[in-house]
Amino acid sequence: MKKITLLIPLLFSFILYAQKLPKGFVYLKDLVPSIKIELRYFSDDNFIGKPINGYKSNRLIITKEAASSLKNIQQELLKKELSLKIFDGYRPQEAVDHFVEWAKVLNDNLMKTQYYPKVVKSNLFKNGYIAAKSSHSRGSTIDLTIINLKTSIELDMGSPYDFFGVESHPRYQNISDQQKKNRMLLRKVMLANGFKPYENEWWHFTLKKEPFPNTYFKFPVK
């Protein structure tokens, strides 16, 4: 009886942690456990420099349709001893609002050197780096790269994830041939599996036939 009593609070905690997702959404790890997940907005390693509102765990949430396509991509990459590594998927509107409010505080430039060295913060809205709405909030947009499975090291894409600048444009030319090749490998495998690219960020793709094209969700990542 004592053992059962001890297990009850543990079970209750698990139920609270594993939130009930809206219909049509899944935790990617449940479907494709081999994909590496590093939600940058759950950490302080991002362009703001602290965890972002709405990110309460390192659990990648995404629509079932996008997850199915990512599973196919991962199976293809594993044959080459490569793997996807995901930085962001579903993003709650609360997080987008956090970005917007941060962008208005012009003297908060903690991460400028690393993420936007050539961009004046007051131009982030005008240049399209920050917006009041994000396709991520619709659940079928993904930010990702490819890693070498043997070393767990990311392939060199010529610019870091979330770097604000022309260097992050997928077809930016002032990078090495190997860096271009790595970008095109990611782009090719994503296009072949139903995703469309964003022409300002080599890491950003949205499912072409996204199930919620006009809905921006607010539930947290936990």
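With only alpha-carbon pairs counted, each pair once and no self-pairs, how large is the Kirkwood hydrodynamic radius of the chain in angstroms? Write out the running numbers ahead of the final one.
Details: mean 1/r = 0.0541 Å⁻¹.
Result for the chain, one decimal place: 18.5 Å.
Mind telling me which of 91, 171, 187 comes out most flexible in a GNM of the chain, alpha-carbon contacts under 10 Å?
171
Can you tell me the FRET efficiency between residue 222 and residue 50 if r is taken as the Cβ-Cβ distance and R0 is 25 Å, rounded to the nearest 0.05?
After rounding to 0.05, the efficiency reads 0.90.
List the aspartates and glutamates whose Cα lies under 14 Å from the Cα of residue 181, skipping any in the same chain that are fewer than 8 positions away.
154, 156
Please enumerate, by chain and number, the lysines with C-alpha under 17 Å from the C-alpha of residue 208, excluding those fewer than 8 residues away in the same chain.
In chain and number order, the partners are 64, 71, 188, 196.
If I model the stretch 91-200 as equal point scatterers sitting on the Cα atoms and use the Debye formula, what is log10 I(q)/I(0) at q = 0.16, 0.19, 0.24 Å⁻¹?
Log-scaled intensity ratios, in q order: -0.89, -1.16, -1.40.
Starting at the first residue of the stretch 113-129, write each ³J(HN,Hα) from the Karplus equation 6.51 cos²θ - 1.76 cosθ + 1.60 with θ = phi - 60°, in whole Hz, x for Gly and Pro.
Per residue, the Karplus-derived 3J(HN,Hα) values read 4, 7, 10, 8, x, 9, 10, 6, 4, 5, 9, 4, 5, 4, 8, x, 7 Hz.
Can you tell me which aspartates and glutamates have their Cα less than 20 Å from the Cα of residue 150? Leave out same-chain residues fewer than eight positions away.
38, 76, 81
Read-outs: derived from the displayed coordinates by stated rules, not from any lab. Worth saying up front: this structure is predicted, and the values here are computed from it rather than measured. Cβ sites come from the backbone with ideal geometry, for glycine too, and all protein chains shown count toward neighbours.
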